[in-house]
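Comments concern the structure below.
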Amino acid sequence: MDEVAVPACPANGLLVRTLWVSVDPYLRGRITGKRSYVDPIPVGAVMESTAVGEVAASLHNDFQPGEIVTGLWGWQDYVAIEATRVRRVDSTEFPVSTAIGILGMPGMTAYFGVTELCAPKAGETVLVSAAAGAVGSAAGQIAKILGCRVVGTAGTAGKIEYVKSLGFDAVLNYHTDRPYAETLARMCPHGIDCYFENVGGELADAVFPLMNTWGRVAVCGQISQYNDRSRDIGPRPLTEILVKQLRVEGFIVSRWARRFPEGRRQMALWLKEGRLQYRETIYEGLENAPRAFIGLFHGENMGKALVRL
Ligand code: NAP
């Protein structure tokens with residue numbers, strides 16, 4: 001924690017007081033010191049994640065004090081920021097925290113990952129790992145809305161109940177329901193057409209042999225590997241990919257950034273219709289952001305993990 005003076009409002013920009021910050025698994029990669037699809041966050045810099053705040057002062061004609069905005073300014077109480085780096089949030093329809101949850105980056109990840117890469121047809125079987133989390137819970141519900149049989153995986157009995165309450169047809173507890181191959185085969189009697197992959201490792205290894213011909217795998221995350229320093233390479237899935245003609249595609253959600261307005265409109269409509277539900281696990285105070293972040297890797301959160309300032 002570093003205490004500094006509140007910055008001045010920049011010329012033609014805004015001073016924003018933070019209300020909510022997001023903690024996300026991808027931040028683990030950003031603090032390894034290695035470049036991935038973005039540069040690492042240097043030691044001593046502000047942790048950069050999506051945030052929601054209230055305009056405290058404005059020197060820009062389009063924004064007034066009191067308005068709610070969202071952007072990528074991260075774990076800090078106040079930010080001096082250019083107006084082009086924030087987006088106004090409508091605070092009348094949904095709680096403003098949804099701008100970094102179901103209607104923000106995780107929601108867009110689920111929406112575009114499912115609709116563009118899994119592209120499931122009604123009646124197909126879709127498997128979603130980390131199904132009680134921000135992305136997984138939304139991805140599975142979207143697949144249900146599209147008429148699929150949806151199976152999830154999660155880590156506790158409470159999460160299994162929650163995921164079932166969202167309409168999933170079956171949920172595997174990855175701590176207890178072993179061997180995975182047998183449990184998944186029982187839960188997916190017609191095989192798996194789409195795998196929305198959030199976890200990786202042993203669980204993913206068990207999925208490939210159950211994939212149907214022409215199946216699609218949307219590789220969204222590999223959370224079981226983010227802290228893993230071992231050199232265990234696991235089974236090699238290329239033969240399964242070949243003989244079943246699978247399409248396996250990794251993605252970073254920002255590839256659809258230009259289409260986020262469309263994604264937000266659709267997700268907002270489903271929320272209003274009651275066809276989509278979401279949950280938040282809220283930590284209080286910026287000082288608890290590290291704990292909230294580490295909690296992601298111990299399954300502490302149900303739905304979107306957020307810090308309220
Ligand atoms: P989240 O699912 O809300 O939280 C992480 C969850 O992962 C935990 O609650 C935990 O649930 C599960 N988990 C943690 N360690 C695990 C392990 N070793 N094995 C199995 N499950 C484990 O997080 P999220 O923000 O929605 O992200 C979910 C995944 O999507 C992550 O892999 C993330 O990196 C990825 N993601 C990708 C993009 C993209 O653009 N590609 C964008 C956003 C997120 P349990 O209790 O069930 O273990």
#### Entry: Subset of region 115-130 [open to solvent by 10 Å² or more (accessible area, probe 1.4 Å) and either away from the ligand (no atom under 16 Å from the Cβ) or more than 23 Å from ALA157 (Cα to Cα) (or both)]
THR115, GLU116, LEU117, ALA119, PRO120, LYS121, ALA122, GLY123, GLU124
## Note on the structure
For region 19-43, pairs from a residue that is part of a loop (DSSP other than H, G, I, E, B) to a residue that is open to solvent by 50 Å² or more (accessible area, probe 1.4 Å), with Cβ under 7 Å and 6 or more apart or across chains, are PRO25/TYR226; TYR37/ILE252; PRO40/ILE31; PRO40/THR32; PRO40/GLY33; PRO40/LYS34; ILE41/ILE31; ILE41/GLU48
### Message
Between ALA143, ALA181, which is without any contact (Cβ under 8 Å) to a residue 60 or more places away in the chain, among the small types (Gly, Ala, Ser) and open to solvent by 40 Å² or more (accessible area, probe 1.4 Å)?
### Response
ALA181
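Quick check: anything in region 15-22 over 22 Å from the mean Cα position of the chain (by Cα) and open to solvent by 60 Å² or more (accessible area, probe 1.4 Å)?
Filtering region 15-22 for residues over 22 Å from the mean Cα position of the chain (by Cα) gives 15-17.
From what is left, the residues that are open to solvent by 60 Å² or more (accessible area, probe 1.4 Å) are 17.
Yes, some residue in region 15-22 is over 22 Å from the mean Cα position of the chain (by Cα) and open to solvent by 60 Å² or more (accessible area, probe 1.4 Å).
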### Task
Give the residue that is farthest from the ligand (Cβ to nearest atom), with candidates limited to residues of region 17-64 that are in contact with an Asp or Glu (Cβ under 7 Å, 6 or more places away or on another chain) and β-branched (Val, Ile, Thr).
VAL55
### Yes/no for THR281 being part of a strand (DSSP E or B) and not acidic (Asp, Glu)
yes
### Task
Considering each of GLU300, GLU249 in turn, give the residue that is of a type in the set (Asp, Glu), in a loop (DSSP other than H, G, I, E, B) and either in contact (Cβ under 8 Å) with a residue 60 or more places away in the chain or not assigned by TED's automatic domain parsing to the domain that holds LEU127 (or both).
GLU300
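The values are calculated or read from the model by the stated rules, or taken from the named source; none is laboratory data. These numbers come from a predicted model, not from an experiment. Positions of Cβ are backbone-derived with ideal geometry, glycine not excepted, and every protein chain shown enters the neighbour counts. Calculation scope for accessible area: heavy atoms of the full protein, side chains included, ligands and nucleic acids excluded. Shrake-Rupley method; radii C 1.70, N 1.55, O 1.52, S 1.80 Å.
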